[in-house]
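The values are calculated or read from the model by the stated rules, or taken from the named source; none is laboratory data. Here the structure is a predicted model, which means the values were calculated and not measured. With ideal geometry, Cβ positions are generated from the backbone for all residues, glycine too; neighbour counts draw on all protein chains shown.
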Amino acid sequence: MEMVNKRFMELVRRQMNSECPIVKPRETNYSNSELTQILERDENGKPKLDLTSLEGTGVRVPTQEEYDILMQVYELGDWKRSSGNLSTHHNYWNEHKEETCVRAEGEYAYGRKDFFISRGRNIISTQKFYEIQKRTLEDIKERNKWFEKVKLNRRSKG
């Protein structure tokens, strides 16, 4: 996950220029620094997200970048694997690559798109997932800064 933030920023720039309606920043009356200050955080300063579990739904993550961002969103929503590990603990995208889907429920699992379809699950894009969660890329980008700070702190200590 070394390049997550650079990839994330490239993805945000590309999507901010696209016609996809969920990537357009919503009109606000506060600046980005004010947004950072009003984010709800846990006792360690980690931003929190309230995510709605989507029973019977898988999120398709056809790129490593989309997977990385979704796993960060899941971690901020305190969604974990059944083993109890945080979503960013291991990179499962390499197992199924472009065919990877991740369950959109509080305790998540991953697998091939065909597996999800054979189980009768709906498959949605990451953009649709963020839209359902009422999250803009601006919001996600602001929350992602926490991961960059943690990464920088680890480097300075190690």
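Please work out which residue is surrounded by the fewest Cβ atoms within 10 Å (Cβ to Cβ), limiting yourself to segment 99-116 and to residues that are among the basic types (K, R) and in a strand (DSSP E or B).
Going through the qualifying residues, I end up with R112.
Would you say E66 is under 14 Å from the mean Cα position of the chain (by Cα) and in a helix (DSSP H, G or I)?
Against the criterion (under 14 Å from the mean Cα position of the chain (by Cα) and in a helix (DSSP H, G or I)), E66 qualifies.
Residue-wise test of (1) over 15 Å from L51 (Cβ atoms); (2) among the β-branched types (V, I, T); (3) without any contact (Cβ under 8 Å) to a residue 40 or more places away in the chain; (4) in contact with a strand residue (DSSP E or B) (Cβ under 6 Å, 6 or more places away or on another chain).
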{"residue": "C101", "(1), (2), (3), (4)": "yes, no, no, yes"}
{"residue": "A104", "(1), (2), (3), (4)": "no, no, no, yes"}
{"residue": "I117", "(1), (2), (3), (4)": "yes, yes, yes, no"}
{"residue": "Y130", "(1), (2), (3), (4)": "no, no, no, no"}
{"residue": "Q133", "(1), (2), (3), (4)": "no, no, no, no"}
{"residue": "E138", "(1), (2), (3), (4)": "yes, no, no, no"}
{"residue": "E148", "(1), (2), (3), (4)": "yes, no, no, no"}
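L39 is checked against (1) buried (at least 16 other Cβ atoms within 10 Å of the Cβ); (2) at pLDDT 75 or above; (3) in contact with a strand residue (DSSP E or B) (Cβ under 8 Å, 6 or more places away or on another chain) and fails just one. What number does that condition carry?
(2)
Give the residue, chosen from S125, S87, S83, that is free of Cβ contacts under 8 Å to residues at least 24 places away in the same chain and surrounded by 15 or more Cβ atoms within 10 Å (Cβ to Cβ).
From the options S125, S87, S83, the qualifying one is S87.
So, H96, is that one out of contact with any helix residue (DSSP H, G or I) (no Cβ under 6 Å at 6 or more places or on another chain), assigned to a helix (DSSP H, G or I) and either surrounded by 11 or more Cβ atoms within 10 Å (Cβ to Cβ) or at pLDDT 90 or above (or both) or not?
Working: out of contact with any helix residue (DSSP H, G or I) (no Cβ under 6 Å at 6 or more places or on another chain): yes; assigned to a helix (DSSP H, G or I): yes; either surrounded by 11 or more Cβ atoms within 10 Å (Cβ to Cβ) or at pLDDT 90 or above (or both): yes.
For H96, the condition - out of contact with any helix residue (DSSP H, G or I) (no Cβ under 6 Å at 6 or more places or on another chain), assigned to a helix (DSSP H, G or I) and either surrounded by 11 or more Cβ atoms within 10 Å (Cβ to Cβ) or at pLDDT 90 or above (or both) - is met.
With L70, L76 as the choices, which residue is touching a helix residue (DSSP H, G or I) at 6+ places or on another chain (Cβ under 6 Å), farther than 17 Å from Y110 by Cβ and buried (at least 18 other Cβ atoms within 10 Å of the Cβ)?
Details: L70 fails: farther than 17 Å from Y110 by Cβ.
After ruling out the rest, the residue left standing is L76.
I'd like the full set of residues that are closer than 17 Å to G58 by Cα, at pLDDT 85 or above and outside any loop (DSSP other than H, G, I, E, B), limited to segment 71-93.
M71, Q72, V73, Y74, E75, K80, W93
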